[in-house]
Amino acid sequence: MYWLVNGIGLLVALAIIAIGTSYIASPMTTTRGFGLPLPDDGPNIPWWLRLKGVRDIAAGLLVLAFMVWGTQREIAIVLLVEAIIPIGDMLLILAAKGSSKSAFGIHGLTAVIMVLAAIPMLIGGH
């Protein structure tokens with residue numbers, strides 16, 4: 001179980017970093033898959049979207065840092081706290097009447113995976 005939940009945590013961290021990198025490299029293209037309509041066109045829009053990329057990379061690096069230097073319990077707490085991000089994304093997409101498929105299938109599922117990985121770490125964490 002240890003390897004499974006840590007593997008899931010690692011995959012979540014790497015996926016978040018990859019998504020953040022994608023927002024920095026190609027913000028308008030990456031935004032199409034988020035679940036909301038693209039923002040109005042303007043010269044500063046890509047820069048605003050890149051802000052999300054920087055935050056995603058930092059969130060993924062935080063999980064990786066705790067996986068290297070933290071305990072299982074600390075990793076679990078970070079995963080649970082960071083699960084607020086995809087939950088918030090899901091709720092905002094639904095409130096904006098965006099894609100419910102993206103809201104639940106991407107963001108909701110990500111939050112569930114994070115919570116399910118964190119629970120065994122909390123129970124068995126040392």
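Some points to look at:
- Surface per residue (accessible, 1.4 Å probe) for the stretch 1-124, Å²: 59
- Whole-percent carbon and sulfur share, accessible surface of the stretch 1-121, 1.4 Å: 75
- Along the stretch 43-57 the Karplus relation, 6.51 cos²θ - 1.76 cosθ + 1.60 evaluated at θ = phi - 60°, assigns HN-Hα couplings of x, 8, 4, x, 5, 5, 5, 5, 4, 4, x, 4, 5, 5, 4 Hz to successive residues, with x for each Gly and Pro.
- Degrees separating the helix 72-82 axis from the principal Cα axis of the chain, which is the longest one: 20
- Sum of -39500 (n - 2.57) over DSSP H runs of 4+, divided by residues of the chain (222 nm, nearest 500): -24500 deg cm²/dmol
- Per-residue ³J(HN,Hα) for the stretch 5-16, Karplus 6.51 cos²θ - 1.76 cosθ + 1.60, θ = phi - 60°, Hz, x for Gly and Pro: 5, 6, x, 5, x, 5, 4, 4, 4, 5, 5, 5
- Acute angle (nearest 10 degrees) that the helix 84-95 long axis makes with the longest principal axis of the chain, alpha-carbon atoms: 40
- In sequence order, the stretch 111-118 has phi-based couplings of 4, 4, 4, 5, 5, 5, 6, 6 Hz under the Karplus curve 6.51 cos²θ - 1.76 cosθ + 1.60, θ = phi - 60°, and Gly or Pro positions carry x.
The values are calculated or read from the model by the stated rules, or taken from the named source; none is laboratory data. Note that this is a predicted model, so its numbers are computed, not measured. In case anyone asks, the SASA skips ligands and DNA or RNA and just uses the protein heavy atoms, side chains included. Shrake-Rupley method; radii C 1.70, N 1.55, O 1.52, S 1.80 Å.
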